[in-house]
Amino acid sequence: MISAMYDKLSSGILTGRPFGGMGILIRKCSGITVNVLEIMSNCRVAATCLTFSNGYKLMVFIVYLPCQSNDYTNELLECLGFIEKCVSPYDHNDIMILGDMNFECNTRNAGYNLFLNLCKDMCRMCRLNLWE
């Protein structure tokens, strides 16, 4: 078990807004095998692969992206870079990104635009892989 809370819990009493986290729940009887592929060192992104009984492999990224801060762009790019790095080396049929994005989905939002660029790049990568 890995938690982004280890350091926080050892620092004393926690106050203020609740701390975030991420997880995935899969019903045992569904016949889906879950493999954790990689977890980002700051625990903001986890890459998993769900293998269904028919062999279909869905790569699922569970995310808890940063909120607006002084270093927001760098923190977000670090998370998006981790996602992009994980896509190529693993066998999968499709990709899904789930979790707390912490940005509004509109083109005036920098986080949304960065995420949209990642999605466009991954679609190009997937198309190229289909024709190889």
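Evaluate the Debye formula for the range 22-131 with equal point scatterers sitting on the alpha carbons, no solvent, and hand back log10 of I(q)/I(0) at q = 0.14, 0.24 Å⁻¹, in q order, two decimals. Taken in order of the listed q values, log10 I(q)/I(0) reads -0.59, -1.40. Length available on full extension from Y90 to I26: 0.36 nm per residue minus the Cα-Cα distance, which gives 21.0 nm.
Lys and Arg at +1, Asp and Glu at -1: add these up for the other residues within a Cβ distance under 10 Å of M59 and post the number.
Details: positive: K57; negative: D91, D94.
Residues near M59 contribute -1 overall.
The slack between N117 and E104, meaning 0.36 nm per residue of separation minus the straight C-alpha distance, is 3.2 nm.
Tell me the GluC sites (Glu not before Pro) within the range 59-129 that lie in a loop according to DSSP and have at most 12 other beta-carbon atoms within 10 Å.
Working: sites: E75, E78, E84, E104; in loops: E104.
Filter output for the range 59-129: E104.
The phi-based Karplus calculation (6.51 cos²θ - 1.76 cosθ + 1.60; θ = phi - 60°) puts the 3J(HN,Hα) values of the range 68-81 at 4, 7, 4, 10, 4, 4, 5, 5, 5, 4, 4, 5, 5, x Hz, whole numbers, x for Gly and Pro.
The numbers here are math on the coordinates, done by the rules we state, and not lab data. What you see is a predicted model, and the numbers here were worked out from it, not measured in a lab. Positions of Cβ are generated from backbone atoms using ideal geometry, with glycine treated the same way; all protein chains shown enter the neighbour counts.
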